[in-house]
Amino acid sequence: MAELFLGKVLIKNNNDQDELDTEKEILQRLENRVLLLYFADSESPRCRQFSPLLKDFFVKLTDEFYVNRSSQLALVYVSRDRSEEEHEDFVKDMPKRWLLVPFEDEDFRRELEHQFSVSDVPALVVLKPSGQVISSNAVDEVERLGPPCFKNWQEVSEIIERSFLLPEFCDDIASKSMTDPIRRIKYKLEDEKKKKKREGRDDEDDGGGGGGGGGTGFF
């Protein structure tokens, strides 16, 4: 599936609009994940209705505020906007983990539309890591089921568990949970208590000496 974008440029949806333009970068972001291709026109009433739902869907599966570890899910946005201003206006409110086909690469955007038979928007194409199509348009499925439908896609996608992967094919950001800071404070306090307890025992041992008299040592 990542092969679909090799030799192309993808954009990170961050403030700097950084480019992913090397094979390694693209593989790290797309390999071994369910891939969503989202075709939309930000001025379309139907797209304006669905896009916030998709944003919520994606965030609840990938943001560590909601999950202990981000789901193996990636999304590439393929714009049908009429101008770059409309395109930029739309993506600034979308998740930072989304990837974008550059607006100026109209040939590639049209090529993807043709390849996946997209005639109307919104369209959400769901792909296995192999590139095989799971759903040609999962808009209705996401609207009806929400995040649980990812489990259905995952089960048929033959995704390799992260524990069997080399580090370079895992997420850049380590998994976190909301209780991590609390646990770190707890362990720090416990370590300090143990340290003081050990120091107390050492002092007792040093002060106890070798019993009575004027002995000079342990002999």
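Please list GLU155, GLU31, GLU88, GLU141 from largest to smallest accessible area, probe radius 1.4 Å, with all protein chains kept in place.
Order by accessible area, largest first: GLU155, GLU88, GLU31, GLU141.
With all protein chains in place and a 1.4 Å probe, the accessible surface of segment 2-150 carries 43 percent carbon and sulfur.
Annotation for segment 3-50 versus segment 53-94: alpha-carbon center distance of 9 Å.
All Cα-Cα separations within segment 1-113 were binned at 5 Å from zero, giving a P(r) of 2, 11, 22, 25, 21, 13, 4, 1, each value a whole percent of the pairs. Evaluated on segment 91-133, the Kirkwood hydrodynamic radius is 12.2 Å, with distances taken between all distinct Cα atoms. Among the listed pairs LYS55/LYS128; LYS12/LYS55; LYS12/LYS128; LYS24/LYS55, those whose Cα-Cα separation exceeds 18 Å are LYS55/LYS128; LYS12/LYS128; LYS24/LYS55. Annotation: amide H-H contacts under 5 Å for SER79 (H modelled 1.01 Å from N, sequence separation of 5 or more, or interchain): VAL101.
Annotation: amide H of SER135 within the under-5 Å range of VAL126, sequence separation 5 or more or interchain, hydrogens built in the peptide plane. Label point of PHE65 set 7 angstrom out along Cα-Cβ; within segment 74-97, amide nitrogens under 12 Å from it belong to 95-96. Note on exposure: HIS114, HIS87 ranked by accessible area (1.4 Å probe, complete protein assembly) read HIS114, HIS87, with the most exposed listed first. Taking amide H positions as modeled 1.01 Å from N, with prolines and chain starts lacking one, the residues under 5 Å from LEU20 and 5 or more places away or on another chain are LEU10, ILE11, LYS12.
Calculation over all alpha carbon pairs of segment 55-111 in 5 angstrom steps from 0 returns a P(r) of 4, 18, 26, 19, 14, 11, 7, 2 percent. Coordinate range of the alpha-carbon atoms in segment 15-60 per principal axis, descending: 37, 23, 18 Å.
For segment 58-157, the direction-averaged projected area of the alpha-carbon convex hull comes to 6.9 nm².
Surface analysis of segment 73-119 yields an accessible area of 50 Å² per residue, using protein heavy atoms and a 1.4 Å probe.
The values are calculated or read from the model by the stated rules, or taken from the named source; none is laboratory data. The structure displayed is predicted, hence computed values, not measured ones. In this analysis, Cβ positions are derived from the backbone assuming ideal geometry, glycine residues included, and neighbour counts consider all displayed protein chains. Note: areas computed on protein heavy atoms with side chains; ligands, DNA, RNA excluded. Shrake-Rupley method; radii C 1.70, N 1.55, O 1.52, S 1.80 Å.
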